[in-house]
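**Student:** Have a look at the structure that comes next, please.
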Amino acid sequence: SSENDLFLGLDIGSVNFRAALVDGAGRVLGVDSERISKCASASVRAVLERIQQRASFDRVAGAAVTGSGRRMYEGRAGWSVFSSPYAIIAGVLLDQPRAKTIISIGGQSSLVISLEDGLEKPWRVARSPLCAAGTGRFLEQQAARLGISIEEFGPKALEWTSPPPRIAARCSVFAKSDLIHLQQKGWPVP
């Protein structure tokens, strides 16, 4: 590849879509992202249109896709599809070549990746179960239900100085039930 070639990297997650445009020398030319509100394809389209305003896609020599929505591009000529653990490891090792443990927490899942020798030896991945527990998505849903933004969530909780009510912490379904019950009893939002 020449320095004039461009490469596109896409991460289609459950909550956000991110894209990076890199030149043939590996320099990052642009990064963009958008929250996925209803459908991933609309967010992808919006970000790609903004990126194309900066650089023509005629110069794109290759593209790679990862994330929970990566299958949108499976089988597309010239596009490579990678698992999230592989993409995370490759990205971290570019900046921290001696990394041994990587923790990735997303909107719907979390990963703990153990490395022995970078990408050369097999790595171990521990994933969260397929539920919202332990992720940001559950907190966002509860903030919306309470009528506050996720940015207000922490500061609002810090307003409370009395002993807190009991809320189940091991399962988001139980926690949601507890929160609804407490609201019905008249507990204030903080």
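**Student:** What does the helix-only formula give at 222 nm for the chain: each DSSP H stretch with n ≥ 4 adding -39500 (n - 2.57), the total divided by the residues, and the result rounded to the nearest 500 deg cm²/dmol?
**Tutor:** Roughly -10000 deg cm²/dmol at 222 nm, from the helical runs in the chain.
**Student:** Which of the aspartates and glutamates could a cross-linker span from K176 if the Cα-Cα distance has to be under 16 Å and same-chain partners fewer than 8 positions apart are dropped?
**Tutor:** Leaving aside aspartates and glutamates fewer than 8 places away in the same chain, those within reach of K176 are E140.
**Student:** Helix 172-184 versus the longest principal axis of the chain: what is the Cα-based angle in degrees, 0 to 90, to the nearest 10?
**Tutor:** With rounding to tens, the tilt is 40 degrees.
**Student:** Kindly work out what percent of the DSSP beta bridges joining two residues of the chain are antiparallel, to the nearest 5.
**Tutor:** Bridges in the chain that DSSP calls antiparallel: roughly 70 percent.
**Student:** Using DSSP to call loops (not H, G, I, E or B), can you name the GluC sites (Glu not before Pro) in region 46-127 whose Cβ has at most 13 other Cβ atoms within 10 angstrom?
**Tutor:** Of the GluC sites (Glu not before Pro), the ones in loops of region 46-127 whose Cβ has at most 13 other Cβ atoms within 10 Å are E74, E116, E120.
**Student:** To the nearest 20 debye, what is the magnitude of the charge dipole of the chain about its Cα centre, counting +1 on the Cβ of each Lys and Arg and -1 on the Cβ of each Asp and Glu?
**Tutor:** 680
**Student:** Compute the projected area of the convex hull of the Cα atoms of the chain, averaged over all viewing directions, and report it in nm² to one decimal place.
**Tutor:** It is 13.8 nm².
**Student:** Which whole-number percent gives the relative contact order of the chain, counting Cα pairs below 8 Å spaced six or more residues apart?
**Tutor:** It comes to 13 percent, rounded to a whole number.
**Student:** Give the range of the longest stretch in the chain that excludes all trypsin sites (Lys or Arg not before Pro) found in loop regions by DSSP and having at most 16 other beta-carbon atoms within 10 Å. Intermediate values should be presented prior to the final figure.
**Tutor:** Working: sites that count: R27, K38, R76, R98, K100, R166, R170, K185.
Maximal segment without exposed cleavage sites: 101-165.
**Student:** Cα centroids of region 33-50 and region 143-179: how far apart, whole angstrom?
**Tutor:** Rounded to whole Å, the Cα centres lie 29 Å apart.
**Student:** Now for a separate question. Give me the number: length gained by fully extending L158 to V31, i.e. 0.36 nm times residue separation minus the C-alpha to C-alpha distance, one decimal in nm.
**Tutor:** Computed gain between L158 and V31 is 42.3 nm.
Where a number appears in this text, it was derived from the coordinates with a stated rule and is not lab data. Because the structure is a prediction, the values reported are computed rather than measured. Methodologically, a virtual Cβ is constructed for each residue, glycine included, from the backbone with ideal geometry; neighbour enumeration extends over all protein chains shown.
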